[in-house]
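Q: Supplied in structure tokens, the structure appears directly below.
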Amino acid sequence: MASLKEKIGYALGDAAAGGITWKVMSIAFPLFFTNVFGLTVADTATLMLIARMFDVVTDPLMGSLADRTQSRWGTYRPWLIYGAIPLGLVFALLLYTPDFGPMGKRIWAYSLYLLMMAIYTAVNVPYGSLLGVMTDDDNEKNQFSSFRMVGAYAMGFITLLSFPYIVDFIGGDRMADGSYTVAAKQHQYALIGVFFGILAAVGTLASGLLTKERLKPIRAEKFSFKQFADLFRNKPWIYLTLIGICTNFYNGFRYAVAGYIFEYCLKGDVTISGLIINYTVFMTFGELTCMVFGGISPVFTKWLGSKKKAFITAAIICLISSVAFFFVPMDKSSIWIMVALVIIGSVGIGLYSPLLWSMYADVADYATEKNGTSSTGLIFSSGTMSQKFGTAISGSLVALFLGMAGFISGTNELTGETVITITNEEAVRNMVWALFSLFPAAIALIMIGLIKLYPINK
């Protein structure tokens, strides 16, 4: 029986990866790259697309490598212990804007973003795989998965809520309308990167040190491409991977476009009774909801009788709330209606998120029974790959669609300053609104269809 300390230790791993690094990369990076760093919309979209092609190769290879690791720390834990500091360091550097021209900035962003993805893979794939070797009890797996999601959403809540207050604490030069200059924003993001990079490194290291590997994976002695071929004969894995991509498309569109909602649809932050509601705080309401319902998810699943039924119910909640958001007036006076719909949609996300990782453990068990050797790391690497694939491709599509609507960004060749041009303001606003509502709704509908076809009925 695992202790509470170990469950909290496991939660710290996703608090660092999901609640800090991935949360900031999902919600802040698209707006940061175009409006602060100075990349063009095309460069931002291309960067994320290239990173995904990179992950298609590195994630499964990392899973296979992790499965064959043997050390005094175990099979998967050493990757967390030794990867913690590089994760925090590269994350901090990625939020720093160097005083380079357009080409220099492009090289800096591409190099560090790809390095960040590689380090994230080297830490997060083994972290996910830990679930398969900490316990063989299905109920306890659900508990670990629930702790993981609560940790991620609790830290995501803290990260996003604190964001505007840290920005104001750092301060800097303001323009006539009260907003910060681009130079001030660059300085703010650089310091935020250092602060959260340290927290991410500490959380990852603590997770590696506090968890235990009780089960010994049945190792394949030699590397073989057969294990990759076996994946594509594993029907539950195929459906679950597609479902995982959809869940991250759903989240990815919402997170990537939230900053643009406040910048171009609501025309700035909303302050109510001293509470600053900017794009990070706006999504914080969802993080808090996800944290609560992530904890409730095991009870909810037991009440409905199966993970499959619970997942379908959660996806329907996401579908309805997303469609409803499209009909909300695009005005600051409707902020609490928007917040309410974000909360309702996050009920669904909170319920299905722990289920997804518990289902990956089921698929790993299925693969071990069928093939005779463990491919836990490889199976869980597909979960990490779908996370990065769905989030970054949706971010890339957001940049592309905004560009099509009339949003242009870049760096001035002579001064090195970031330049933003809007050729069709109404089209950009309508596109932003649809990307937050109708696009996620379509993804939720696809998700429901896929989960109905998923063949494991635990």
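Q: In whole Hz and in residue order, list the ³J(HN,Hα) couplings for segment 319-333 that follow from phi through the Karplus curve 6.51 cos²θ - 1.76 cosθ + 1.60, θ = phi - 60°; x for Gly and Pro.
A: Working through the residues one at a time gives 4, 5, 5, 5, 4, 4, 4, 4, 8, 6, x, 7, 8, 4, 5 Hz.
Q: Expressed as an acute angle from 0 to 90° and rounded to the nearest 10, what is the orientation of the C-alpha long axis of helix 335-371 relative to the principal long axis of the chain?
A: Its long axis makes an angle of about 30 degrees.
Q: Based on Cβ point charges of +1 for Lys and Arg and -1 for Asp and Glu, what charge dipole magnitude is obtained for the chain about its Cα centre, in debye rounded to the nearest 20?
A: 1320 debye
Q: Calculated from the structure, Rg and Dmax of the Cα atoms in Å equals which of [x] 24.7, 93; [y] 23.9, 81; [z] 21.2, 68?
A: Computing Rg and Dmax of the Cα atoms in Å and matching it to [x] 24.7, 93; [y] 23.9, 81; [z] 21.2, 68 gives [z].
Q: Next up: Taking amide hydrogens as modeled 1.01 Å from N in the peptide plane, which residues meet the under 5 Å criterion relative to ILE420, leaving out close sequence neighbours?
A: Sorted by chain and number, the residues that satisfy this come to none at all.
Q: Out of residues 5 or more away from ILE277 or on other chains, whose amide H comes under 5 Å of its own, with H placed 1.01 Å from N in the peptide plane?
A: VAL270, THR271, ILE272
Q: Please report the spacing between the Cα centers of segment 10-80 and segment 332-366 in Å, no decimals.
A: If we compute the Cα centre of each part, the gap is 20 Å.
Q: I would also like to ask the following. Taking amide H positions as placed 1.01 Å from N in the peptide plane, with prolines and chain starts having none, which residues 5 or more places from ASN234, or on another chain, fall under 5 Å of its amide H?
A: Amide H neighbours of ASN234: none.
Q: Does segment 1-60 classify as rounded, prolate or oblate by the C-alpha gyration tensor (a ≥ b ≥ c root eigenvalues; a/c under 1.5 gives rounded; else a/b over b/c gives prolate, otherwise oblate)?
A: Values: a/c = 6.54, a/b = 1.98, b/c = 3.30.
Since a/c reaches 1.5 but b/c is at least a/b, the shape of segment 1-60 is classed as oblate.
Q: Which ³J(HN,Hα) values in Hz, rounded to whole numbers, follow from the phi angles of segment 25-40 under the Karplus curve 6.51 cos²θ - 1.76 cosθ + 1.60, where θ = phi - 60° and Gly and Pro get x?
A: 5, 6, 9, 9, 5, x, 5, 4, 5, 7, 9, 10, 5, x, 6, 6
Q: Sum -39500 (n - 2.57) across every DSSP H segment of at least 4 residues in the chain, then divide by the residue count to get the 222 nm mean residue ellipticity, nearest 500.
A: Roughly -25000 deg cm²/dmol at 222 nm, from the helical runs in the chain.
Q: Once the whole set of protein chains is in place, how much accessible area is left on ARG174, using a 1.4 Å probe, in Å² to the nearest 10?
A: 130 Å²
Q: Counting heavy atoms of the protein chains only and a 1.4 Å probe, report the per residue accessible area for the chain as a whole number of Å².
A: On a per-residue basis, 38 Å².
Q: Calculate how steeply helix 77-94 sits against the longest principal axis of the alpha-carbon atoms of the chain, using the helix alpha-carbon long axis, and give the answer as 0 to 90 degrees to the nearest 10.
A: Here the helix axis deviates by roughly 10 degrees.
Q: Return the carbon/sulfur percentage of the accessible area of segment 255-359, one whole number, probe 1.4 Å, all protein chains in place.
A: 73 percent
Q: Moving on. Given axes a ≥ b ≥ c from the Cα gyration tensor, I'd like to know whether segment 1-132 is rounded (a/c under 1.5), prolate (a/b larger than b/c) or oblate. Write down the numbers at each step before the final one.
A: Working: a/c = 2.55, a/b = 1.95, b/c = 1.31.
Since a/c reaches 1.5 and a/b is larger than b/c, the shape of segment 1-132 is classed as prolate.
Q: Going toward the positive end of the dipole of segment 43-110, with +1 on Lys and Arg Cβ and -1 on Asp and Glu Cβ, which of LEU49, PRO86, TYR96 do you reach last?
A: So the residue we want is PRO86.
Q: Relative to the longest principal Cα axis of the chain, at what angle does helix 182-210 sit, 0 to 90 degrees, rounded to 10?
A: 10 degrees
The values are calculated or read from the model by the stated rules, or taken from the named source; none is laboratory data. None of the values given here were measured: they were computed from a predicted structure. Ideal geometry is used to build each Cβ from the backbone, glycine not excepted, and the neighbour counts take in all protein chains shown. All accessible areas refer to the heavy atoms of the entire protein, side chains included, with ligands and DNA or RNA removed. Shrake-Rupley method; radii C 1.70, N 1.55, O 1.52, S 1.80 Å.
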